[in-house]
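Notes for the one structure printed next.
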Amino acid sequence: MTRIFLMLALVVIGGCAQQSIPRDVAQVSAGERQNATLAGILETFRAQNELPGLRAAIRSSEGVIEAATGFADVRARRPLTTDMGMPGGSTGKTFVASVAMLLVEDGVLDLDMPISRWFAGEEWYEELGPDRARITVSHLLSHTSGLRDHVDEPAFFAAAGWRKLTGRSLYIAPREQIRFVSKKGLLFRPGEGYSYTDSGYLALGLVIEAVAGREYETVLAERILRPVGLSEARPARRDLDNLANGFASSQLMRAMGLGGQTLKRDGSMKLEPRVEWTGGGLTTTPRALVDFYHALANGAIVTPDSFRTMRDAGFKTDGAESHYGYGMSVSENSYGHGGWFPGYRTAVRHFFAENLTIAVQTNTDVEVDANAIILALWQGRPRRDR
């Protein structure tokens, strides 16, 4: 862990030395010094951006350091810890894409297979128009299917609000969610553009279940979570224990009478996180995220050839510095994903040359660029988050 500690020390020397580090830091272990240094850096960013809580983990080939600062619940003054669950938002898409690639490796799924094989005759699929027959599994993985995103549809949120007002369950099934956009047809012919869509990943989840013959979460646990030891990555549920309270700026939360905090007094979630499903659908920690993204890049989940396929696939625009592969945002030097859920923000990136993975989470959804914190840690100098 020496290299990571030197990197963090550079950050402190570069402008974070004013943060409180234990006076007897020289008398504790190297790991404790690294954690304390990281905590000081995070506290600088947290204070600058007025965040309730902030935490991060850094994994290299030498091991992991992690730290948390601020509060899991501001009113109760409950400190944020590294092991509390937070919804990871769309970082879950990388897990989904990895499961799909494992099924490809098994020979039961073909990336070029048209999704009509599973959905022909279904109402939402037929509504997509004549170009629907061109949509393949690859298009769903890379957001190049032309499917619109139901998360952008006011009708989707209006339906959730109506359910709340009428005392019904806030859970909306995947096919029901896709129907909010299927009636409008495709944005473009499949493969001829890029448009980020949770709806497409819900359709991908339906494909995975049809091919595997089991629920997606069961396959995920069997093929990734348990083998890699990701006990802190859990399918999102309202009643999970040890959750950090999130602070939502979303007008939707307030319009539904849910207030600005994400948890009830009993610690359960006000919203129904199962709605995300294969659009995200996991409660995570920075440690779980760096363990997963590091393992994926190093051939411990899918084969190196499969990872290269995930990395190199997708719609590329001339001159663009990055593109979206299969379940990942890819640049020349790194890959990763961001995540948003009402009350929470997450970002994770793996840097290829250094074989270094960094994940950051905060328990607010205000406009804060978690990637800026990651880049500051990677570059070894502070960068004010704006």
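The values are calculated or read from the model by the stated rules, or taken from the named source; none is laboratory data. Owing to the predicted nature of the structure, the values given are computational and were not obtained by experimental measurement. Ideal geometry is used to build each Cβ from the backbone, glycine not excepted, and the neighbour counts take in all protein chains shown.
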Query - Boolean, Arg117 is surrounded by fewer than 19 Cβ atoms within 10 Å (Cβ to Cβ), closer than 21 Å to Ala313 by Cβ, among the basic types (Lys, Arg) and free of Cβ contacts under 8 Å to residues at least 40 places away in the same chain - result: yes
Query raised in the report: If you check Gly327, Gly319, which single one turns out to be crowded, with 24+ Cβ neighbours inside 10 Å and either out of contact with any Pro (no Cβ under 7 Å at 6 or more places or on another chain) or assigned to a loop (DSSP other than H, G, I, E, B) (or both)?
Result: Gly327
Query raised in the report: Quick one: Glu217 ticks every box in (1) in contact with a strand residue (DSSP E or B) (Cβ under 6 Å, 6 or more places away or on another chain); (2) over 23 Å from Ser142 (Cα atoms); (3) of a type in the set (D, E, K, R) bar one, so which box is it?
Result: (2)
Query raised in the report: Of the residues Arg238, Arg223, Arg287, Arg234, which is at pLDDT below 95 and either closer than 19 Å to Trp340 by Cβ or of a type in the set (Lys, Arg) (or both)?
Result: Arg238
Query raised in the report: Given the conditions (1) assigned to a loop (DSSP other than H, G, I, E, B); (2) within 29 Å of Arg237 (Cβ to Cβ); (3) touching a residue at least 24 places away in the same chain (Cβ under 8 Å), which single one is not true for Glu354?
Result: (2)
Query raised in the report: So which residues in region 274-297 are of a type in the set (Asp, Glu) and either touching a helix residue (DSSP H, G or I) at 6+ places or on another chain (Cβ under 6 Å) or in the same structural domain as Tyr201 (by TED's automatic domain parsing) (or both), if there are any at all?
Result: Glu276
Query raised in the report: For residues in region 241-277 being at pLDDT below 80 and in a helix (DSSP H, G or I), which is nearest to Met86 (Cα to Cα)?
Result: Met253
**Report entry** Residues that are surrounded by fewer than 14 Cβ atoms within 10 Å (Cβ to Cβ) and either charged (D, E, K, R) or not in a loop (DSSP other than H, G, I, E, B) (or both), drawn from region 147-182
**Finding:** Pro154, Ala155, Ala158, Trp162, Leu165, Arg168
Query raised in the report: Does region 351-374 hold any residues that are buried (at least 24 other Cβ atoms within 10 Å of the Cβ) and within 16 Å of Leu296 (Cβ to Cβ), and which are they?
Result: Thr357, Ile358, Ala359
Query raised in the report: When the residues of region 62-93 are filtered to those that are in a loop (DSSP other than H, G, I, E, B) and at pLDDT 95 or above, which remaining residue is farthest from Val290 (Cα to Cα)?
Result: Leu80
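Rundown of residues vs (1) in contact (Cβ under 8 Å) with a residue 60 or more places away in the chain; (2) in contact with a Gly (Cβ under 9 Å, 6 or more places away or on another chain); (3) surrounded by 24 or more Cβ atoms within 10 Å (Cβ to Cβ), yes/no style:
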site	(1), (2), (3)
Leu187	no, yes, no
Pro190	no, yes, no
Glu222	no, no, no
Asp266	no, no, no
Arg274	yes, yes, no
Arg287	yes, no, no
Query - Sole exception among (1) at pLDDT below 95; (2) surrounded by 13 or more Cβ atoms within 10 Å (Cβ to Cβ); (3) within 21 Å of the chain's Cα centre (by Cα) for Ser199, by number - result: (1)
